[in-house]
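S.K.: The following block contains the structure, expressed as structure tokens.
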Amino acid sequence: MIDLRSDTVTKPSPAMRQAMAVADVGDDVFGEDPMVNKLQEQIAALFGKESALFVPSGTMGNEICINCHTRPGDEVICETGCHIFNYESGAAPFLSGVQMRPVVGERGVMTAEQVEQVISPPQDHFPQSALITVENTHNGAGGTIFPLDELKRLFELAQNRRLKLHLDGARIWNASVATDTPLKDYGHHCDSISVCFSKGLGAPVGSVIAGSRQLIAEAHRLRKIYGGGMRQVGILAAGALHALEHNLNRLKDDHNHARILAQALSNMPGIEIDLDTVQTNIVIFDIAKTGLNVLQFLEQLKERGVLVVPFGGTRIRAVTHLDVTKDDVETAVEIFKDVFD
Ligand code: TLP
């Protein structure tokens, strides 16, 4: 089966499993897990932040940061298609009592001018704007890259208006590799960042949040409240460390594979795809004009050995990752052609 549903589906390689099997561990709730400590230090250094914290998932990372930066009743400004607003089961209002204020960006990118317009005045009638969130790469827009210059402008705006900026960097690795941008450049232009090892980097579990020492101390308390304090979790951190060392630069392959797939899809009758959105490892296309029903289409693909996911209405998402080879992509293209004929 060629599984293009997500880059979350990768399985740890034998070498990664070996690194995990021999990992030295300790009780991380006591802060005594050497692998977790090493990973946290490494991520803090990579992003130029004072401190970092291992968390079980990207969702928990984002939600802890939102809670750290806000008070109940505050408003969080985000891009309308972002993961925090759409795919975290309403966690931000549920867990932090905040209201989301979505801004419609272009291909996932909202500008500082757009955000400035929705920052509320300091009056009691209005929910107080406390936080801006940015997603890079932007999943819902098709893995698009949030330009560093715009991030800088947004961070400057946030600082001038006394708001915080959180970066959902679940796929920041893809953005960094695609644009040759040092990870520190992202870290320097946000108050907190959440990064995932269980996506393009191919580790089975785990995310890390990074920020100031004070933020991470508060995040540590919240992680316990959310049930994310884990014990001999160095087994997982070892997988993440292995992923960082071995799987970062190869993300270029995934980007090339996504391009091959997108290009081929754009030549198939009835398929609508904005090739400008295919900047990293995600391909989103619309099958409305093929006349095919989405569920039947997914079933026909599955019968022939390809898995993808529905992504709202008649849109479909395919994601390339380290368990998908160039040959797999070429086979998938033939299968798509077969189904659309
Ligand atoms: N994304 C998943 C699904 O939840 C949609 C996927 O298959 O792409 N931020 C971004 C930008 C994400 O894409 C995701 C996961 C998360 C956060 C949450 O990470 P996890 O799944 O570890 O909670």
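The values are calculated or read from the model by the stated rules, or taken from the named source; none is laboratory data. Predicted model, so just to flag it, every value in this text is computed and none were measured. Note that we place each Cβ from the backbone using ideal geometry, even for glycine, and neighbour counts take in every protein chain shown.
S.K.: Going by the structure shown, is A178 closer than 24 Å to R250 by Cβ and at pLDDT 95 or above?
M.R.: Against the criterion (closer than 24 Å to R250 by Cβ and at pLDDT 95 or above), A178 qualifies.
S.K.: E32: part of a loop (DSSP other than H, G, I, E, B), closer than 28 Å to H255 by Cβ and of a type in the set (D, E), yes or no?
M.R.: Working: part of a loop (DSSP other than H, G, I, E, B): yes; closer than 28 Å to H255 by Cβ: no; of a type in the set (D, E): yes.
Judged against the criteria, E32 is not a match.
S.K.: Same structure again: Going through F54, F94 one at a time, which residue ends up being in the same structural domain as S207 (by TED's automatic domain parsing) and assigned to a helix (DSSP H, G or I)?
M.R.: F94
S.K.: Look through Q128, Q123, Q114, Q159 and report the one residue that is more than 19 Å from W173 (Cβ to Cβ), in the same structural domain as I193 (by TED's automatic domain parsing) and touching a strand residue (DSSP E or B) at 6+ places or on another chain (Cβ under 6 Å).
M.R.: That would be Q114, the only listed residue that is more than 19 Å from W173 (Cβ to Cβ), in the same structural domain as I193 (by TED's automatic domain parsing) and touching a strand residue (DSSP E or B) at 6+ places or on another chain (Cβ under 6 Å).
S.K.: In addition: Taking the condition of being farther than 25 Å from K164 by Cα and of a type in the set (A, V, I, L, M, F, W, C), how many residues in the range 204-244 meet it?
M.R.: Of the residues in that region, 11 qualify.
S.K.: Filtering the range 53-75 down to residues that are within 16 Å of the ligand (Cβ to nearest atom) and small (G, A, S), which residue is nearest to L131 (Cα to Cα)?
M.R.: Once the filter is applied, the top-ranked residue is G61.
S.K.: Output yes when any residue across the range 12-25 is in contact (Cβ under 8 Å) with a residue 40 or more places away in the chain, within 16 Å of the ligand (Cβ to nearest atom) and surrounded by fewer than 22 Cβ atoms within 10 Å (Cβ to Cβ), and no when none is.
M.R.: yes
S.K.: For the range 109-153, what are the residues that are touching a helix residue (DSSP H, G or I) at 6+ places or on another chain (Cβ under 7 Å) and at pLDDT below 95?
M.R.: The answer is none; no residue qualifies.
Residue by residue, here is whether (1) of a type in the set (V, I, T); (2) surrounded by fewer than 22 Cβ atoms within 10 Å (Cβ to Cβ); (3) in contact with a Ser or Thr (Cβ under 7 Å, 6 or more places away or on another chain) holds:
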site	(1), (2), (3)
L251	no, no, no
H255	no, yes, yes
M268	no, yes, no
F311	no, yes, no
V324	yes, no, no
V333	yes, yes, no
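S.K.: Just give me the residues in the range 263-288 being free of Cβ contacts under 8 Å to residues at least 24 places away in the same chain and more than 12 Å from I316 (Cα to Cα), in sequence order.
M.R.: Result: Q263, S266, N267, L275.
S.K.: Then there is this: Name every residue in the range 211-251 that is among the β-branched types (V, I, T) and either in contact (Cβ under 8 Å) with a residue 24 or more places away in the chain or not in a helix (DSSP H, G or I) (or both), in order of residue number.
M.R.: I216, V233, I235
S.K.: A follow-up question, please. Return yes when G140 is closer than 22 Å to A262 by Cβ and either under 21 Å from the mean Cα position of the chain (by Cα) or within 15 Å of the ligand (Cβ to nearest atom) (or both) and no when it is not. Explain how you work it out, then say what you get.
M.R.: Details: closer than 22 Å to A262 by Cβ: yes; either under 21 Å from the mean Cα position of the chain (by Cα) or within 15 Å of the ligand (Cβ to nearest atom) (or both): yes.
Answer is yes for this residue.
S.K.: Hey, T290 hits all of (1) away from the ligand (no atom under 15 Å from the Cβ); (2) modelled with pLDDT of 95 or more but one; which does it fall short on?
M.R.: Among (1) away from the ligand (no atom under 15 Å from the Cβ); (2) modelled with pLDDT of 95 or more, the lone unmet condition for T290 is (2).
S.K.: Looking at (1) more than 16 Å from the ligand (Cβ to nearest atom); (2) part of a helix (DSSP H, G or I); (3) small (G, A, S), which is the one condition that is false for S176?
M.R.: (1)
S.K.: With the condition kept exactly as written, say whether any residue in the range 100-120 is in a strand (DSSP E or B), of a type in the set (A, V, I, L, M, F, W, C), over 28 Å from L244 (Cα atoms) and out of contact with any Lys or Arg (no Cβ under 7 Å at 6 or more places or on another chain).
M.R.: Yes, the range 100-120 contains at least one residue that is in a strand (DSSP E or B), of a type in the set (A, V, I, L, M, F, W, C), over 28 Å from L244 (Cα atoms) and out of contact with any Lys or Arg (no Cβ under 7 Å at 6 or more places or on another chain).
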